[in-house]
Amino acid sequence: MPDTNHYQAGRHFLQIPGPSNVPDRILRAMAQPTIDHRGPQFAELTLGILEKLARVFNTSCPIFIFPASGTGGWESALLNTLSPGDKVLAFETGHFSTLWKNVAEKLKLEVLWVEGDWRRGIDAAVVTDSLSADKEHQIKAVMAVHTETSSGATSKIAAIREAINTANHPALFLVDAVSSLACSDFQHDDWGVDVTISASQKGLMLPPGLCFNAVSAKALECVKTSKFSQSYWSWTAMLELNQRGFFPYTPSTNLLYGLDEALNMLHDEGMEQVIQRHARLAHATRLAVESWGLENLCVNADEYSNSTTAVLLPEGHDADTLRNIILDRFNMSLGMGLGKVKGKVFRIGHIGDFNELMLAGTLSGVEMGLNLAGVPHNKCGVSAALEYLGKP
Ligand SMILES: *Cc1c(COP(=O)(O)O)cnc(C)c1O
């Protein structure tokens, strides 16, 4: 299965920060026969999913589900709310915020781009300053990535909402929660988010193929004045049919079976427990990194992500060489450094269906790999993590 040319026994460790491991329960749910997507059984499935999904986004707003990757969710959020030439404010927190900016530019939006060093989240003070300076309210939306999966920094969404309010600015608040949903606390309603974008393949434990838009009443109103044409991405068409449990075109029926099961699993564990589990495993990962004597790419301790940790290698050591050794010897995939940090960092995904022993295996693979790759480190990372995880 992995990109090696020799047989590897045992289970592959997929420790990239998404797509995450798909639990057997979800795989089995998806193996059910596909049904008529216009029949009564299907409507029941959809309505159940929408109710359970609302308790993951923490919203009473409509949530639209598209058969697409997360990138589709970005495009849909922009197309339904804005018009060509509109100004939007966005922040260079890393690779994913840069990709989202590129989507906005291709749609002919004018992006006010706040540059960054890929090592921290969004500075709320900059949001207040940028919006306060915009006296004529030309900025129509603020685009924020909650967890920047390339750097492992999680921005404070509630603080950014406060910053928008402090500036008394009417801009829409669009938030990418693709790798934070069901990993970190997320409150669509309480944080005053207008559109939350997410996708299936991270905390929701599904294969790639579904994206989501949770949409406030204010954002839904914007469809009426948008000068973009919407077809595949039209919220209006979705809204009406979703209320009866249907979709405007053929949905990903089997992925929806999987989603239903994923939501059952999340609510069986309890959303608070799910998030605490992620926080605990993320903390143990950082203890290991610190004990190895390696540097976390994210520099702000209060922005450490629950989903992924990006580890900087010392100058002169290539992170991709290390990842290849680990894949070849221990059958484990780690996340690569993306964009500007390619070769400089590797990322440990601790996201989705994941527990203590999986983390112990993951960290052991990294520690052995560091040794094989000749990366200078202290050999006590795994033990530091185990000591923390094994506490009564
Ligand atoms: C994974 C991810 C996406 C989605 O990317 P796709 O490849 O289009 O599914 C978007 N934003 C963030 C922060 C992500 O981690």
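Key figures for this structure:
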{"item": "S291, S305, ranked by accessible area, largest first (probe 1.4 Å)", "result": "S291, S305"}
{"item": "Kirkwood-type radius of the stretch 8-163, with distances r between different C-alpha atoms, in Å", "result": "18.6"}
{"item": "Partners for K379 among aspartates and glutamates (Cα-Cα distance below 18 Å; same-chain residues under 8 apart left out)", "result": "E290, E295, E367, E387"}
{"item": "Highest-first arrangement of 53-59, 101-107, where packing means the average Cβ count within 10 Å", "result": "53-59, 101-107"}
{"item": "Only Lys, Arg (+1) and Asp, Glu (-1) charged, at Cβ; the chain dipole about Cα centre in debye", "result": "440"}
{"item": "Ordering of 79-89, 32-42, 144-154 by burial proxy (mean other Cβ atoms within 10 Å per residue, highest first)", "result": "144-154, 79-89, 32-42"}
{"item": "Stokes-Einstein D in µm²/s, Kirkwood radius over Cα pairs - the stretch 1-49 at 4 °C with 1.567 mPa s viscosity", "result": "90"}
{"item": "Those trypsin sites (Lys or Arg not before Pro) in the stretch 339-392 that DSSP places in a loop and that have at most 14 other beta carbons within 10 Å", "result": "K342, K379"}
{"item": "Quotient of Cα Rg and 2.2 N^0.38 Å for the stretch 311-392, N being how many residues it contains", "result": "1.10"}
{"item": "Label-point separation, R329 to T225 (7 Å along Cα→Cβ), nm", "result": "6.0"}
{"item": "Cα-based equivalent ellipsoid of the stretch 152-235: semi-axis lengths in Å, sorted from largest, via gyration tensor", "result": "22, 21, 9"}
{"item": "Distance cut-off 15 Å, percentage of C-alpha pairs in the stretch 20-94 lying past it", "result": "75"}
{"item": "Nearest-10 value in Å² for the accessible area of E269, using the 1.4 Å probe", "result": "70"}
{"item": "31 Å Cα-Cα threshold exceeded, pairs from K52/K108; K52/K342; K108/K340", "result": "K52/K108; K52/K342"}
{"item": "Accessible-area ranking of C183, C222, largest first, probe 1.4 Å", "result": "C222, C183"}
{"item": "Accessible-area value, L239, 1.4 Å probe, nucleic acids and ligands omitted, Å²", "result": "50"}
{"item": "Percent of Cα pairs exceeding the 39 Å cut-off, where the set is the chain", "result": "18"}
{"item": "Highest-first arrangement of 192-203, 271-282, where packing means the average Cβ count within 10 Å", "result": "192-203, 271-282"}
{"item": "Which of E75, E315, E136, E162 is most accessible, then next, and so on - probe 1.4 Å", "result": "E315, E136, E162, E75"}
{"item": "Set of the stretch 131-147 residues, backbone N closer than 19 Å to the point 7 Å along the Cα-Cβ line of K106", "result": "143-145"}
{"item": "Reachable aspartates and glutamates from K224, criterion Cα separation under 18 angstrom, eight or more residues apart if same chain", "result": "E75, D86, D194, E240"}
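The values are calculated or read from the model by the stated rules, or taken from the named source; none is laboratory data. Everything numeric in this text was worked out from a predicted model, so none of it was measured. Quick reminder, even Gly has a Cβ in these numbers, built from the backbone with ideal geometry, and neighbours come from all protein chains shown. Only protein heavy atoms, including side chains, enter the accessible area calculation; ligands, DNA and RNA are left aside. Shrake-Rupley method; radii C 1.70, N 1.55, O 1.52, S 1.80 Å.
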